[in-house]
Amino acid sequence: MATDFAWAAGFFDGEGSVSVRKNWNKLLNRHAYQLYVKAAQVEREPLEKMQRLFGGAIGIVKPHGPNDSPAFDWAVTGPTADLALKLMLPYLTLKRERALLGIEFQLQVGRGRPRKAFDFPARLLKQQEYYERMKVLNLRYAQRRAAAETESRGSQAMQLAGSDSPVCIDSKDAESGRNDRSLRLAVGGSRSE
């Protein structure tokens, strides 16, 4: 079974997504938040394997343009999505941070309603925070970097004028020059430096 979860994690790293969905609940007249895990693929077979392993549903994705092939998607939500992420977690690489945030979100949401009415606004605010954090994680790399640069203007990150690395965030590494190690390796330096 572990090999199935390892396969699922590899497939999910390439084709999957983790999000916190925000839906309008007409009955309660407010937003509701839900953990949502899905994978899309032109071939149905790998999605059927995901469904056998974790449950969920498979749907058809309509083509967006005249040259697009029809595709399929597999999706699970809430506690089922949480379990799927926990089973794949030891093997995830690219989606690991998103999976951890999704598991943390589901732990915070739990099952059912808050025990006391006064807990509800704080709980909803916390869910909104998870939604926003997941949105940032799901931005493409260039968008995420631009958002981080915009957010950090005037903050500590901009004070690292001595850093020669655009990604160095540790002032001690910037001061000591250790932040250029990966650059030297990429250019052809040795590991023994």
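Just so you know, all these numbers are worked out from the coordinates, no wet-lab data involved. Source: prediction; values computed, not measured. Quick reminder, even Gly has a Cβ in these numbers, built from the backbone with ideal geometry, and neighbours come from all protein chains shown.
Gain in length, L94 to V61, computed as 0.36 nm per residue apart minus the alpha-carbon separation, to one decimal in nm? All intermediate terms of the calculation are to be shown ahead of the outcome.
Details: separation 33, 0.36 × 33 = 11.88 nm, distance 2.39 nm.
Gain on stretching L94 to V61: 9.5 nm.
If the chain linking R145 and E104 were pulled fully straight, counting 0.36 nm for each residue of separation and taking away their Cα-Cα distance, it would gain 12.4 nm.
If the chain linking A6 and H31 were pulled fully straight, counting 0.36 nm for each residue of separation and taking away their Cα-Cα distance, it would gain 5.5 nm.
Please find the FRET efficiency linking S69 to S17, where r is the Cβ-Cβ separation and R0 is fixed at 22 Å, and quote it to the nearest 0.05. Don't jump to the answer; show the numbers that get you there.
Numbers: r = 19 Å, r/R0 = 0.88.
The computed FRET efficiency comes out at 0.70.
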